[in-house]
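Chemist: Take a look at the following structure, please.
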Amino acid sequence: MSSSMKGMTPRTHDNALQGPLGWGLLVIAAVVMVVSLGFGLYQLTTTGHTSFNTSSNLPWGQPIATYLYFALASSGLGLIASLPLVFGFKQYYPVAKRCIFLAFIVLISGMLVLALELGHVFRMLWAIPLNLQVQSAMFWMGVFYALDLLFLLWKFSKLQGGEWDSRTAKQVGIASFIGVLLASGNLALIFGMMSMRPFWFDALLPIYFYFTGVTSGMAALVFFTYLAHGFQRDRMNPALQALLTGAMPKLFAALIGGTLLFITVRAITGLYSNHPEINLVWTDYLFASPLYNAALLLGLLLPFVVMLSASLRNRMDVQVLVACLVFLGLFAERFYFVVGGQVVPLFKGTWEPGLLSYTPSATEWALTLFGWSLCFVLYLLGEKFLTLGDMPRQIAEAPAAGTQAGTA
Amino acid sequence: MAKWGMVIDLDKCTGCQACTTACSMENNTLPGESWQDVLFYNAGEYPSAQMKWLPRPCMQCENPSCVHVCPTRATYKDPDAGGIVFVDWNKCIGCKYCMIACPYGVRFYSDEKPLIEPDIRDAYPGENGQLWSPPYQNPEEDWRRGIGIQPKGVVSKCTFCYHKVKHAPEGIADLDEDNPEVKEYVPACVRTCAPKARYFGDLDNPESQVNRLIGDKHGVRLKDHTGNKPQVYYLGAGAGVPAFTPADRENDA
């Protein structure tokens with residue numbers, strides 16, 4: 001099997017982004033990227049981090065939430081890619097290469113946003129490796145995400161070379177899968193091990209991050225897959241069509257449902273607890289915020305209800321809408337998770353008599369916008385030059401009915 | 001080597017905040033960057049309402065969570081400097097994880113919006129890498145220990161006035177401002193305390209006054225459940241922190 005697939009010509013169907021549409025979108029995304037980065041850099045070089053609305057009382061704001069969103073979406077995409085590449089769910093082959101590519105560029109975008117948030121980004125490059133503070137989860141975050149990035153790149157180069165099932169490709173795939181688990185699990189522990197921040201303190205936070213990460217990864221995958229084909233299913237390979245009307249929407253629905261379950265149990269625990277640093281976050285911050293409630297209801301509950309219907313969940317327009325809603329809903333989740341852990345003032349007495357308030361500044365929004373637009377730019381370049389729709393010939397040429405057999 | 005510790009007697013403390021002012025002048029901190037602060041708390045309600053207060057320096061914890069989380073070892077506990085927790089401004093990358101991990105909220109990232117206008121950093125723009133450069137400065141700058149005026153993009157904190165304490169004679173049990181021989185080595189907040197509510201000495205020396213006070217007057221450490229084991233002890237009634245209640249909900253409590 002391994003050698004038989006190696007060297008076979010990869011197959012792609014019509015990619016809408018390789019034509020004028022791709023160039024048009026690329027120009028728009030590049031303009032947004034340049035403007036947002038330019039504005040952000042101008043603010044950072046002239047006024048520094050005073051242009052952020054964070055403070056010593058609430059040090060982590062939207063740029064951290066953006067990084068968290070991107071890092072976990074990347075991990076989610078990596079985990080989805082492992083379905084065919086590690087666990088043998090062959091019906092997912094049509095999205096595997098796009099998944100790996102998206103995981104790579106989304107992580108790059110997240111890392112760059114984080115870099116602009118730090119006080120001394122270039123110092124980080126030598127200070128972390130040379131000081132080997134193995135007690136710090138943030139040290140391991142650097143190690144694991146660097147490995148994750150490396151394995152994603154390696155895996156992508158294998159797929160780009162048409163090596164789908166060679167021994168090395170399998171081994172790199174497994175290494176990448178483990179790298180993703182370690183990176184995102186450790187990222188969860190950066191928050192989950194902070195017993196002095198009870199809203200975050202949770203030994204099972206890695207599971208919550210895996211689950212929500214895969215959900216946001218799935219939302220990105222669905223959206224970008226349709227975008228690549230100009231939102232027209234008939235341009236897609238039958239195997240991809242079968243996936244998008246079979247296993248994938250079912251998995252997407254289950255993931256949104258699981259995410260809602262996680263949020264519900266966290267909310268119930270928080271509301272039940274007498275601990276003000278948990279309880280007040282839910283009552284006076286999260287559920288008191290119309291935006292949080294809207295994100296929860298429109299960004300997760302509504303998509304879940306819609307995706308429960310077998311006829312609706314297989315429709316392209318519904319899937320794209322759900323992907324966009326979940327995309328935004330989970331971004332809000334990340335934001336409220338990061339900020340929620342800090343809104344109860346910590347040891348400040350009456351200097352801070354109420355919950356801390358935080359609204360991102362224009363510079364912080366610029367960094368978020370830069371992350372998103374960079375993602376789009378890299379993605380569009382990838383679609384243009386890297387044939388992200390590749391899949392093994394057996395899958396590409398198999399009858400659609402055959403590939404539909406079995407579900408994830 | 002000594003293990004420097006502080007004892008604060010809340011039955012004597014008047015909440016005058018002279019310690020906060022002295023610290024700010026000694027260490028050239030910005031408004032709001034209160035390495036030493038006095039926290040005020042309202043607890044209970046009429047007819048048993050209380051107003052409590054407690055001075056809050058860095059606790060220089062024996063088991064400091066800020067040190068564990070720092071990815072570059074910029075934050076470190078120096079056993080050769082009396083167990084004081086320092087920030088090496090040459091290594092700090094400004095990730096602010098230590099500020100998240102400190103249960104006592106004693107760390108500051110001064111590259112933030114000014115607490116009051118006009119911004120004093122604009123009045124005295126930074127020179128030689130400093131965030132701001134006022135005309136009077138502590139001459140004993142030591143960026144490796146976070147002493148002096150910090151550069152941009154790093155975290156700052158109380159150093160127990162190590163630039164003074166380090167000159168203390170070897171083996172001394174207490175640094176008492178009433179002792180003319182050592183008064184110059186006493187941390188600014190201790191030296192300025194008018195009601196003499198603060199004591200500073202060697203927690204490893206059985207003869208020290210700080211040890212006697214902790215033993216005889218039931219010294220407690222704040223938020224001891226965190227396991228951080230502060231080297232700052234409190235005496236007297238009021239050595240506890242009420243649970244957080246938003247000001248507009250105090251009557252619901």
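Chemist: Only residues that are within 18 Å of B:Pro230 (Cα to Cα), within 11 Å of another protein chain (Cβ to nearest Cβ) and β-branched (Val, Ile, Thr): list them for region B:43-90, please.
Modeler: B:Val67, B:Val69, B:Thr75
Chemist: For region B:222-234, name all the residues that are modelled with pLDDT of 95 or more and surrounded by 15 or more Cβ atoms within 10 Å (Cβ to Cβ).
Modeler: Of everything in region B:222-234, those that are modelled with pLDDT of 95 or more and surrounded by 15 or more Cβ atoms within 10 Å (Cβ to Cβ) turn out to be B:Asn228, B:Pro230, B:Gln231, B:Val232, B:Tyr233, B:Tyr234.
Chemist: Out of the residues in region B:101-117 meeting the condition of being within 13 Å of chain A (Cβ to nearest Cβ) and more than 17 Å from the chain's Cα centre (by Cα), tell me which one is surrounded by the fewest Cβ atoms within 10 Å (Cβ to Cβ). It would help to see each step written out before you state the result.
Modeler: Within region B:101-117, the first condition is being within 13 Å of chain A (Cβ to nearest Cβ), and the residues that meet it are B:101-115, B:117.
If we keep only those that are more than 17 Å from the chain's Cα centre (by Cα) as well, we get B:111-115, B:117.
Values: B:Asp111: 23, B:Glu112: 22, B:Lys113: 16, B:Pro114: 15, B:Leu115: 14, B:Glu117: 8.
Among residues in region B:101-117 that are within 13 Å of chain A (Cβ to nearest Cβ) and more than 17 Å from the chain's Cα centre (by Cα), the one surrounded by the fewest Cβ atoms within 10 Å (Cβ to Cβ) is B:Glu117.
Chemist: Starting from region A:119-131, keep only residues that are under 19 Å from B:Leu131 (Cβ atoms), then list their pairs with residues that are modelled with pLDDT of 90 or more and part of a helix (DSSP H, G or I) whose Cβ atoms are within a distance under 6 Å, requiring at least 6 positions of separation or different chains.
Modeler: A:Val121/A:Ala115
Chemist: Still on this structure, please answer the following. Considering only residues that are in contact with a Lys or Arg (Cβ under 8 Å, 6 or more places away or on another chain) and not aliphatic (A, V, I, L, M), which ones fall in region A:230-244?
Modeler: A:Asn237, A:Gln241
Chemist: What number goes with the only condition from (1) touching a Lys or Arg at 6+ places or on another chain (Cβ under 9 Å); (2) at pLDDT below 90; (3) assigned to a helix (DSSP H, G or I); (4) surrounded by fewer than 19 Cβ atoms within 10 Å (Cβ to Cβ) that A:Ala175 does not pass?
Modeler: That leaves (2) as the condition not met.
Chemist: Something else: In region A:35-90, what count of residues is obtained for those that are at positive phi and either buried (at least 23 other Cβ atoms within 10 Å of the Cβ) or more than 10 Å from chain B (Cβ to nearest Cβ) (or both)? Write out each step before concluding.
Modeler: Kept after step one, since they are at positive phi, are these residues of region A:35-90: A:48, A:88.
Then drop every residue that is not either buried (at least 23 other Cβ atoms within 10 Å of the Cβ) or more than 10 Å from chain B (Cβ to nearest Cβ) (or both), which leaves A:88.
Counting residues in region A:35-90 that are at positive phi and either buried (at least 23 other Cβ atoms within 10 Å of the Cβ) or more than 10 Å from chain B (Cβ to nearest Cβ) (or both) gives 1.
Chemist: Give me the pairs, please: first residue somewhere in region A:153-178 and in contact (Cβ under 8 Å) with a residue 12 or more places away in the chain and farther than 17 Å from A:Leu77 by Cα, second residue anywhere and basic (Lys, Arg) and surrounded by 17 or more Cβ atoms within 10 Å (Cβ to Cβ), beta-carbon distance under 6 Å, and either six or more positions apart or on two chains.
Modeler: A:Glu163/A:Lys6; A:Ser166/A:Lys6; A:Ala169/A:Lys158
Chemist: Of the conditions (1) over 17 Å from the mean Cα position of the chain (by Cα); (2) within 14 Å of chain A (Cβ to nearest Cβ); (3) surrounded by 17 or more Cβ atoms within 10 Å (Cβ to Cβ), B:Leu213 satisfies every one except a single condition; which number is it?
Modeler: (2)
Chemist: OK, next. Looking at B:Gly15, B:Gly32, can you tell me which residue is under 17 Å from the mean Cα position of the chain (by Cα) and closer than 26 Å to B:Gly236 by Cα?
Modeler: When all the criteria are applied, what remains is B:Gly15.
Chemist: Residue under question is A:Arg266, and the condition is that it be in a helix (DSSP H, G or I) and either closer than 29 Å to B:Tyr104 by Cβ or within 14 Å of another protein chain (Cβ to nearest Cβ) (or both); does it hold?
Modeler: Against the criterion (in a helix (DSSP H, G or I) and either closer than 29 Å to B:Tyr104 by Cβ or within 14 Å of another protein chain (Cβ to nearest Cβ) (or both)), A:Arg266 qualifies.
Chemist: Could I ask something else about it? Kindly provide the set of residues from region B:122-146 that are outside any loop (DSSP other than H, G, I, E, B) and within 30 Å of A:Met196 (Cβ to Cβ), ordered by number.
Modeler: B:Asp142, B:Trp143, B:Arg144, B:Arg145
Chemist: Let me ask something additional. Filtering region A:106-143 down to residues that are surrounded by 23 or more Cβ atoms within 10 Å (Cβ to Cβ) and under 12 Å from the mean Cα position of the chain (by Cα), which residue is nearest to the other protein chains (Cβ to nearest Cβ)?
Modeler: Among those that are surrounded by 23 or more Cβ atoms within 10 Å (Cβ to Cβ) and under 12 Å from the mean Cα position of the chain (by Cα), it is A:Gly110.
Chemist: Could we say that B:Ala2 is crowded, with 17+ Cβ neighbours inside 10 Å and within 12 Å of chain A (Cβ to nearest Cβ) here?
Modeler: Here the answer is no, as B:Ala2 does not meet what is asked.
Chemist: Free of Cβ contacts under 8 Å to residues at least 60 places away in the same chain, of a type outside the set (A, V, I, L, M, F, W, C) and not in a helix (DSSP H, G or I) - does that describe any residue in region A:85-95?
Modeler: yes
Chemist: In region A:321-363, what residues are at the interface with chain B (Cβ under 10 Å from one of its Cβ atoms) and not hydrophobic (A, V, I, L, M, F, W, C)?
Modeler: A:Gly341, A:Gln342, A:Pro345, A:Lys348, A:Gly349, A:Thr350, A:Glu352, A:Pro353, A:Gly354, A:Ser361
Chemist: Further question: Conditions first: (1) under 29 Å from A:Leu325 (Cβ atoms); (2) touching a Ser or Thr at 6+ places or on another chain (Cβ under 7 Å); (3) surrounded by 21 or more Cβ atoms within 10 Å (Cβ to Cβ). A:Phe211 passes all but one, so which condition is the exception?
Modeler: A:Phe211 satisfies all of (1) under 29 Å from A:Leu325 (Cβ atoms); (2) touching a Ser or Thr at 6+ places or on another chain (Cβ under 7 Å); (3) surrounded by 21 or more Cβ atoms within 10 Å (Cβ to Cβ) except (3).
Here is a yes/no grid of residues against (1) of a type in the set (A, V, I, L, M, F, W, C); (2) in contact with a Pro (Cβ under 8 Å, 6 or more places away or on another chain):
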{"position": "A:Leu205", "(1), (2)": "yes, no"}
{"position": "A:Leu240", "(1), (2)": "yes, yes"}
{"position": "A:Ala253", "(1), (2)": "yes, no"}
{"position": "A:Gly270", "(1), (2)": "no, no"}
{"position": "A:Leu280", "(1), (2)": "yes, yes"}
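Listed here are the residues, each with its yes/no results for (1) within 15 Å of the chain's Cα centre (by Cα); (2) aliphatic (A, V, I, L, M).
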residue	(1), (2)
A:Thr168	no, no
A:Ser195	no, no
A:Thr212	yes, no
A:Leu221	yes, yes
A:Phe231	no, no
A:Arg235	no, no
A:Leu243	no, yes
A:Leu251	no, yes
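Chemist: Shifting gears a bit: Go through (1) part of a loop (DSSP other than H, G, I, E, B); (2) away from chain B (no Cβ under 14 Å) for A:Lys250 and report which single condition fails.
Modeler: The failed condition is (1).
Chemist: When only residues in region B:224-247 that are within 14 Å of chain A (Cβ to nearest Cβ) and outside any loop (DSSP other than H, G, I, E, B) count, which is farthest from B:Asp204 (Cα to Cα)?
Modeler: The qualifying residue farthest from B:Asp204 (Cα to Cα) is B:Ala247.
Chemist: Looking at the structure I just gave you, is A:Ile278 in contact (Cβ under 8 Å) with a residue 24 or more places away in the chain, touching a helix residue (DSSP H, G or I) at 6+ places or on another chain (Cβ under 7 Å), assigned to a helix (DSSP H, G or I) and within 14 Å of chain B (Cβ to nearest Cβ)?
Modeler: Against the criterion (in contact (Cβ under 8 Å) with a residue 24 or more places away in the chain, touching a helix residue (DSSP H, G or I) at 6+ places or on another chain (Cβ under 7 Å), assigned to a helix (DSSP H, G or I) and within 14 Å of chain B (Cβ to nearest Cβ)), A:Ile278 qualifies.
Chemist: Okay, moving on. Being buried (at least 22 other Cβ atoms within 10 Å of the Cβ), assigned to a helix (DSSP H, G or I) and modelled with pLDDT under 90 is true for just one of A:Leu159, A:Leu152, A:Leu187. Which residue is that? If you could, list the steps in order and put the result at the bottom.
Modeler: Values: A:Leu152 fails: modelled with pLDDT under 90; A:Leu187 fails: modelled with pLDDT under 90.
Unique residue meeting the criteria: A:Leu159.
Chemist: If A:Leu296 passes every condition in (1) within 18 Å of A:Phe223 (Cβ to Cβ); (2) without any contact (Cβ under 8 Å) to a residue 60 or more places away in the chain but one, which one does it miss?
Modeler: Looking at each condition in turn, A:Leu296 falls short on (1).
Chemist: Out of everything in region B:161-203 that is over 17 Å from the mean Cα position of the chain (by Cα) and within 15 Å of B:Glu26 (Cα to Cα), what residue ends up being surrounded by the most Cβ atoms within 10 Å (Cβ to Cβ)?
Modeler: Restricting to residues being over 17 Å from the mean Cα position of the chain (by Cα) and within 15 Å of B:Glu26 (Cα to Cα), the top hit is B:Lys183.
The values are calculated or read from the model by the stated rules, or taken from the named source; none is laboratory data. The structure displayed is predicted, hence computed values, not measured ones. In this analysis, Cβ positions are derived from the backbone assuming ideal geometry, glycine residues included, and neighbour counts consider all displayed protein chains.
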